[in-house]
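Accompanying notes for the structure given below.
The values are calculated or read from the model by the stated rules, or taken from the named source; none is laboratory data. The structure presented is a predicted model; accordingly, all values stated were derived computationally and were not measured. All Cβ positions, even for glycine, are placed from backbone atoms using ideal geometry, and neighbour counts span all protein chains on display.
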Amino acid sequence: MKTNANLLWVLTAFFAIMTVVYVVWNLLDHGTMEWAGTFMLGLCMLLMALVAFYLVKVHAAQGGELPEDRLDGNIDDGDPEMGFFSPWSWWPIFLAGCTALLFLGLAVGFWISFIALGLGLIALTGWVYEYYRGMFAR
């Protein structure tokens, strides 16, 4: 994780330098600022800095190296409890299809998005309440 953060800091510096180069080049060549490219390069720099800062903070909060980053680490060292996942559940697939339909509706016709939102609410409700009924009721 530390190596990833260092690489992202290098990319942050690269995008900062390229933003300055882009602005100077446009001012010398055209005499005006080109805002779209300048804004894009600046946002790329901020994105890299944000992710690098996050990785540095997470690395510091976890108390050192992860087991998978150590050369003497075993597979069992990095085997924590990841949470509970629904076995045999079809609701996540149905919800993913509704999400795809929603984005299709945004691209093709806005009226499709309303259908996708309705189906998505049904899928989300089914996924949340699937352990209250049927074979897996608790």
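Anything in region 94-116 that is out of contact with any Phe, Trp or Tyr (no Cβ under 9 Å at 6 or more places or on another chain), more than 16 Å from residue 128 (Cα to Cα) and not β-branched (Val, Ile, Thr)? List them, or say none.
Listed by number, the residues that qualify are 97, 100, 101, 102, 103, 104, 106, 107, 109, 110, 111, 114.
With respect to residue 78, determine if the residue is more than 30 Å from residue 130 (Cα to Cα) and surrounded by 14 or more Cβ atoms within 10 Å (Cβ to Cβ).
Taking the combined requirement at face value, the residue does not satisfy it.
Of the numbered conditions (1) farther than 26 Å from residue 131 by Cβ; (2) touching a helix residue (DSSP H, G or I) at 6+ places or on another chain (Cβ under 8 Å); (3) part of a loop (DSSP other than H, G, I, E, B), residue 86 satisfies every one except a single condition; which is it?
Unmet for residue 86, out of (1) farther than 26 Å from residue 131 by Cβ; (2) touching a helix residue (DSSP H, G or I) at 6+ places or on another chain (Cβ under 8 Å); (3) part of a loop (DSSP other than H, G, I, E, B): (1).
For region 58-68, check the following and say yes or no: at least one residue is exposed (fewer than 12 other Cβ atoms within 10 Å of the Cβ) and either over 30 Å from residue 6 (Cβ atoms) or at pLDDT 95 or above (or both).
no
Hey, among the residues in region 5-30 that are surrounded by 14 or more Cβ atoms within 10 Å (Cβ to Cβ) and polar (S, T, N, Q), which one's nearest to the chain's Cα centre (by Cα)?
12
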